[in-house]
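Structure, as structure tokens:
Nothing in this text is a laboratory measurement; each read-out follows from the coordinates by a stated rule. None of the values given here were measured: they were computed from a predicted structure. When we count neighbours, we look across all protein chains shown, and the Cβ atoms used for this are built from the backbone with ideal geometry, even at glycine.
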Amino acid sequence: MNILAIIGTPTKDHGLTWRAVQALQQSLQRHGAAEVEYLYLEDAGLTSCQGYLTCIKHGEARCPFSAAVGAVLARMERADAVIFASPVHIFNVSALMKTLFDLLVFQMHRPSFFGKPAVVVTVGAGAGMGKVLRYMQSTVGNWGFEVAGKLGVHGGLLDDPRYAPKLAKAADKVAAALLRQIADGRPRKPGMADLINFRVWRAVVRRTAEASPYDWEHWQSSGWLQQNYYYATPVNPLANLFAALIERMINRAISRASVKPLT
Ligand SMILES: Cc1cc2nc3c(=O)[nH]c(=O)nc-3n(C[C@H](O)[C@H](O)[C@H](O)COP(=O)(O)O)c2cc1C
């Protein structure tokens with residue numbers, strides 16, 4: 001079993017995020033899992049996304065940074081599960097993790113990790129951990145990952161012996177959930193939010209078909225323009241009807257430009 005930990009802090013293996021992932025690794029090993037492989041974003045040679053959306057319009061191979069991004073992506077693809085770990089930096093993920101997310105923006109349009117288990121981990125001084133965990137969960141969830149668990153760690157307490165058993169208990173819970181998900185391997189049955197999300201992306205892809213031919217072609221050849229969801233799965237008919245209604249409303253709002261600026 002190959003579990004990849006993506007460490008999104010410049011402190012690499014000297015910092016608290018690494019220590020939190022180590023706690024999770026120990027739990028995984030207690031549950032019989034094999035080694036965790038570490039990928040330090042600080043060493044991955046990632047450059048800020050230049051914002052031209054080339055990956056969406058013409059394919060990720062055309063991104064000027066495709067060599068570096070592709071290397072990270074290939075390791076994620078090879079892994080049986082991925083741990084995404086970032087410290088809290090100003091109530092958000094670190095710039096390193098955000099750079100990775102930005103460079104993988106095409107995954108929001110063309111997700112490919114369906115059913116692959118993931119865990120999200122953050123370490124903070126005490127504020128913003130929940131927000132960061134939810135943000136990471138939603139981002140990688142949009143790429144198709146099954147987020148089996150979240151682990152938020154209070155960095156300042158890592159050396160406190162009263163905190164250690166609490167962390168071990170939480171890490172055990174997350175590790176067990178991750179291993180269950182790896183054994184299961186199935187992508188989830190989509191809920192209402194997933195169905196709506198799918199339809200929203202479809203509205204975007206339809207709207208930008210001319211400007212983003214690669215995106216359009218991918219949706220067309222994948223059959224996603226005709227399906228209820230990315231993959232064959234039972235969907236709740238009422239939830240599906242509601243999602244279809246939302247898609248129609250979005251398409252109408254786009255064609256009439258009837259949305260207002262936010263104030
Ligand atoms: C630029 C920066 C911003 C930070 N912002 C927050 C924050 O908003 N909330 C918080 O609880 N901790 C914040 N911290 C503290 C870090 O989350 C904490 O030191 C974390 O353990 C660092 O992880 P590392 O040692 O793996 O790099 C910040 C630290 C830095 C360097």
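So the values come out like this:
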read-out	value
Note, ³J(HN,Hα) from phi for the stretch 13-30, Karplus 6.51, -1.76, 1.60, rounded to Hz, x at Gly and Pro	8, 10, x, 7, 5, 4, 5, 5, 5, 4, 4, 5, 4, 4, 5, 4, 5, 4
Environment charge of Val123, counting only residues whose C-beta is closer than 15 Å and scoring Lys/Arg +1, Asp/Glu -1	+2
Gain in span if fully extended, Asp184 to Asn236, counting 0.36 nm per residue against the direct Cα distance	16.5 nm
Local electrostatic count, Arg188, Cβ distance below 12 Å [Lys/Arg +1, Asp/Glu -1]	0
For His89, residues with placed amide H under 5 Å, excluding near neighbours	Ser94
Reach of Lys57 by Cα under 20 Å, taken over aspartates and glutamates that are not fewer than 8 positions away in the same chain	Asp102, Glu210, Asp215, Glu217
Dipole-positive endmost among Tyr40, Ile6, Trp18 within the stretch 3-45 (Cβ charges, Cα centre)	Trp18
Net length gained if the chain between Phe91 and Ala209 were fully extended (0.36 nm per residue, minus Cα distance)	38.9 nm
Gap separating the Cα centres of the stretch 85-102 and the stretch 19-57, nearest whole Å	12
Prolate/oblate/rounded call for the stretch 192-256, Cα gyration tensor, a/c under 1.5 rounded	oblate
J(HN,Hα) series, the stretch 67-73, from Karplus relation 6.51 cos²θ - 1.76 cosθ + 1.60, nearest Hz, glycine and proline x	5, 5, 5, x, 5, 5, 4
Gaussian network model of the chain, Cα within-10 Å springs - most flexible of Gly126, Gly152, Gly51	Gly51
Cβ-placed point charges (K, R +1; D, E -1), dipole of the chain about Cα centre in debye, nearest 20	940
Listed residues Ile182, Ile246, Ile56, most fluctuating in the chain (Gaussian network, C-alpha, under 10 Å)	Ile246
Potential lengthening between Val200 and Gln220 on full extension [0.36 nm per residue; Cα-Cα distance subtracted]	5.6 nm
Cleavage-rule hits (chymotrypsin sites (Phe, Trp or Tyr not before Pro)) in the stretch 162-210: DSSP loop, at most 14 neighbouring Cβ within 10 angstrom	Tyr163
Surrounding net charge for Glu37, when Lys and Arg each add one and Asp and Glu each subtract one, Cβ distance under 12 Å	0
Met249 paired with Lys173, simple spin-label distance in nm, labels 7 Å along Cα-to-beta-carbon	3.5
Residue of Leu28, Leu133, Leu158 that the Gaussian network model of the chain assigns the largest fluctuation, springs spanning Cα pairs under 10 Å	Leu158
